[in-house]
1. Give me a count of the residues in region 24-35 that are without any contact (Cβ under 8 Å) to a residue 24 or more places away in the chain and closer than 25 Å to Thr294 by Cβ.
2. For region 6-47, give me each residue that is among the aromatic types (Phe, Trp, Tyr) and in a strand (DSSP E or B).
3. Condition check: open to solvent by 60 Å² or more (accessible area, probe 1.4 Å), more than 16 Å from the ligand (Cβ to nearest atom) and not in a strand (DSSP E or B). Does Arg207 satisfy that?
4. Pick from Leu173, Leu135: which is closer than 20 Å to Leu97 by Cβ and modelled with pLDDT of 95 or more?
5. Among the numbered criteria (1) more than 16 Å from the ligand (Cβ to nearest atom); (2) open to solvent by less than 40 Å² (accessible area, probe 1.4 Å); (3) more than 19 Å from Glu298 (Cα to Cα), which one does Ala70 miss?
6. Within region 93-181, considering only helices (runs of 4 or more DSSP H) that don't extend past its boundaries, which have at least 1 residues that are in contact (Cβ under 8 Å) with a residue 12 or more places away in the chain and more than 23 Å from Met205 (Cα to Cα)?
7. Could you identify the single residue in Ala238, Ala276, Ala201, Ala226 that is in contact with a His (Cβ under 8 Å, 6 or more places away or on another chain) and either closer than 27 Å to Glu127 by Cβ or outside any loop (DSSP other than H, G, I, E, B) (or both)?
8. If you check Ala274, Ala237, which single one turns out to be of a type in the set (A, V, I, L, M) and assigned by TED's automatic domain parsing to the domain that holds Ala68?
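The values are calculated or read from the model by the stated rules, or taken from the named source; none is laboratory data. Fair warning: this is a prediction, and the values are worked out from it, not measured in the lab. Note: ideal-geometry Cβ built from the backbone for every residue, glycine included; neighbour counts use all protein chains shown. All accessible areas refer to the heavy atoms of the entire protein, side chains included, with ligands and DNA or RNA removed. Shrake-Rupley method; radii C 1.70, N 1.55, O 1.52, S 1.80 Å.
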Amino acid sequence: MARLHDLGSVDLYTEGAMPPDVLGQRVAGKDALVCLLTDDINKSVIDAGTRLKVIANVAVGYNNIDVAYARSRGMVVTNTPDVLTESVADFTWAMILAITRRLAEGDRLVRRGEWKGWALDFMLGTELKGKQLGLVGLGRIARAVAVRAPVFGMRVAYTDIATVEGPFEKMSLDRLLNTSDVVSLHVNLTSATRHLIDKKALTRMKRSAYLVNTARGPVVEEAALAWALQERLIAGAALDVYENEPAVHPDLLRFENVLLVPHLASATTETRTAMANLAADNVAAVLAGRPPLTPVLE
Ligand code: GLV
């Protein structure tokens with residue numbers, strides 16, 4: 001906020017996601033828009049912002065913005081890559097460990113007062129050593145997840161359009177789903193990746209495998225995931241993102257072998273501060289006629 005105040009007057013909205021009509025009214029006459037992934041920056045909002053030079057999203061994902069339309073109107077769109085890579089990679093591993101070792105399930109059991117004491121065969125989880133981590137998409141965050149894999153003794157497979165240097169095996173999505181013990185999603189949400197993980201994809205996974213999603217909710221068809229869990233087609237799932245946040249498909253709430261986290265992967269004080277500062281610095285650059293630091297070029 002201090003950085004933005006240095007640039008001029010700031011109209012601050014503090015009540016969460018802005019309703020589209022409010023957004024349309026408040027954006028009129030403004031030079032810059034700093035927005036969150038919960039704000040829907042659609043064509044009508046962009047049309048209302050006739051003076052806008054820059055739309056700075058405080059997120060690395062930008063599926064909430066009609067980027068092509070904004071750019072066609074001469075606006076610069078920016079996001080916040082890099083500064084959140086490590087915290088999201090750490091969190092992905094927190095989720096992998098939590099679901100394979102049944103942390104949340106155990107916590108719930110203790111809180112219910114149902115723990116009867118230590119037993120040799122009680123609440124057994126799955127070991128990671130010697131298993132395959134399958135990364136769907138190998139961008140910045142997935143690579144940071146991949147470099148942590150040897151610490152846990154996991155080998156890494158990935159599927160991506162690009163081929164990436166490193167001790168990672170590139171394979172088709174089908175083969176990755178077929179052979180991985182943990183499948184972790186790291187693709188952008190686009191029309192090509194919406195419901196990438198549907199019934200067919202889930203059927204391809206091993207019955208002993210886990211699905212982890214820290215990307216965007218609609219990459220997974222939640223109804224299909226609930227079906228796959230019901231049919232015991234996979235061992236479990238860990239979700240940080242959902243199709244209709246903050247709603248969660250009610251069927252998913254029924255399963256003990258699903259970890260449900262409220263979109264927290266980048267939520268550290270350090271990272272969220274860096275994301276906010278980067279968004280403000282992008283605004284400052286564009287308003288001063290300089291190139292933005294982290295433009296979205298799609
Ligand atoms: C969070 O989901 C982000 O895209 O930064």
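1. Let us first name the residues in region 24-35 that are without any contact (Cβ under 8 Å) to a residue 24 or more places away in the chain, namely 25-26, 28-30, 33.
Among the residues that remain, those that are also closer than 25 Å to Thr294 by Cβ are: 26, 30, 33.
Within region 24-35, residues that are without any contact (Cβ under 8 Å) to a residue 24 or more places away in the chain and closer than 25 Å to Thr294 by Cβ number 3.
2. Within region 6-47, the first condition is being among the aromatic types (Phe, Trp, Tyr), and the residues that meet it are 13.
Result: no residue meets the conditions.
3. yes
4. Details: Leu173 fails: closer than 20 Å to Leu97 by Cβ.
Being closer than 20 Å to Leu97 by Cβ and modelled with pLDDT of 95 or more holds for just one of Leu173, Leu135, which is Leu135.
5. Answer for Ala70: the failing condition is (3).
6. Values: elements: 103-111, 140-148, 173-179.
Those helices (runs of 4 or more DSSP H) span 103-111, 140-148.
7. On the way: Ala238 fails: in contact with a His (Cβ under 8 Å, 6 or more places away or on another chain); Ala276 fails: in contact with a His (Cβ under 8 Å, 6 or more places away or on another chain); Ala201 fails: in contact with a His (Cβ under 8 Å, 6 or more places away or on another chain).
So the residue among Ala238, Ala276, Ala201, Ala226 that is in contact with a His (Cβ under 8 Å, 6 or more places away or on another chain) and either closer than 27 Å to Glu127 by Cβ or outside any loop (DSSP other than H, G, I, E, B) (or both) is Ala226.
8. Working: Ala237 fails: assigned by TED's automatic domain parsing to the domain that holds Ala68.
Exactly one residue qualifies, and that residue is Ala274.
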